Amino acid sequence: MRRDHRPYGMKKAYLKFQNLYADHFLRPHFERFGKGHAFMKPWNVEVFGGPVELGDFATVIATRDQIIRLSVWSVQEGMGRIAIGNYCLICPGVRISSGSQITIGDNCMMASGVYITDADWHGIYDRADFGRTLPVSISDNVWIGDRAMICKGVSIGENSIIGAGSVVVGAVPANVIAAGNPARVLRELDPEKEMRTRRDWFTGHVHLSGELDAWDKAMLKGNTAINWLRYLVFPRKGD
């Protein structure tokens, strides 16, 4: 595994810069922009139209080759809305496109390449038409796997998991694992087992920021600016 050659101070400055960038350039595009967010490569996040809401303590990870796109295209006046709850995780390549309304609850996790849409965007016979649009509702603590597609009119119950590559075209009940094309319920989750959420992870670690900072100091100890520049210009095997 490639190690991080950056000096501790440089990494901290870069992390702060990313969040300052998000506050300055992304916040104006959101109707609500929650507190405590953590953005990675926020310049690869694109927001079109509105309103778009992002809850508190969101973790948003974008990359140059997998841009995150949150798009609202109003099919009719007063329609089109994306509302994302608190403590959600949005991974690289996630696309959310709304023509009516998409609601995502708290503690949800969207893996790389997930696509969520509430519209067809083209009619079957009239290809210049938007087609049908039906609201999408994703309840709290839902986990959507890599490259899954959530289509118009879908509702997903709390705690459920959508398998990688699935195409969801109908309702998924709470506390199940569903997968396939079209997705179907494969098994139910054990109601006796404790369910921890992303909120539990944040609130359960009172000194979380301090713990992460101590980890960074330990992992980056001994890194210097000169060695980091050498690594960038003359990388060696094993770096």
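With in contact with a Cys (Cβ under 8 Å, 6 or more places away or on another chain), crowded, with 16+ Cβ neighbours inside 10 Å, touching a residue at least 24 places away in the same chain (Cβ under 8 Å) and within 23 Å of Pro28 (Cβ to Cβ) as the only criterion, which of Ile82, Ile90, Ile104 stands out?
Just one listed residue meets the conditions, Ile104.
Scan segment 11-40 for residues that are farther than 30 Å from Gly105 by Cβ and exposed (fewer than 15 other Cβ atoms within 10 Å of the Cβ) and jot them down.
Matches in segment 11-40: Ala13, Tyr14, Phe17.
Give the residue that is modelled with the lowest pLDDT, with candidates limited to residues of segment 2-34 that are under 16 Å from Ile61 (Cα atoms) and aliphatic (A, V, I, L, M).
Per the criteria, the residue is Leu15.
Of the residues Gln76, Gln66, only one is surrounded by fewer than 17 Cβ atoms within 10 Å (Cβ to Cβ) and touching a residue at least 40 places away in the same chain (Cβ under 8 Å); which?
Going through Gln76, Gln66 in turn, the sole match is Gln66.
May I ask you to verify whether Gly153 is farther than 23 Å from Trp201 by Cβ and within 13 Å of the chain's Cα centre (by Cα)?
No.
Could you pull out the residue among Phe39, Phe17 that is in a strand (DSSP E or B) and either free of Cβ contacts under 8 Å to residues at least 24 places away in the same chain or in contact with a helix residue (DSSP H, G or I) (Cβ under 6 Å, 6 or more places away or on another chain) (or both)?
Just a single option satisfies the conditions, and that option is Phe39.
Could you go through segment 21-33 and let me know if any residue there is acidic (Asp, Glu) and out of contact with any helix residue (DSSP H, G or I) (no Cβ under 8 Å at 6 or more places or on another chain).
yes
Answer yes if at least one residue in segment 66-79 is assigned to a loop (DSSP other than H, G, I, E, B), modelled with pLDDT of 95 or more and either over 21 Å from Trp143 (Cβ atoms) or of a type outside the set (Gly, Ala, Ser) (or both), and no otherwise.
yes
With the requirement that a residue be under 11 Å from Pro173 (Cα atoms) and surrounded by fewer than 23 Cβ atoms within 10 Å (Cβ to Cβ), what does segment 128-139 give you?
Ser139
Suppose the filter is buried (at least 18 other Cβ atoms within 10 Å of the Cβ) and of a type in the set (A, V, I, L, M, F, W, C); does Ala119 pass it?
yes
Suppose we filter segment 42-62 for residues that are under 12 Å from the mean Cα position of the chain (by Cα) and within 12 Å of Val94 (Cα to Cα); how many remain?
Counting residues in segment 42-62 that are under 12 Å from the mean Cα position of the chain (by Cα) and within 12 Å of Val94 (Cα to Cα) gives 4.
Considering (1) closer than 20 Å to Asp106 by Cα; (2) modelled with pLDDT under 90, say which one Arg198 fails and leave the rest.
Failed condition: (2).
The values are calculated or read from the model by the stated rules, or taken from the named source; none is laboratory data. All values reported here derive from a predicted model rather than from experimental measurement. Glycine gets a Cβ as well: all are built from the backbone with ideal geometry, and neighbour counts include every protein chain shown.
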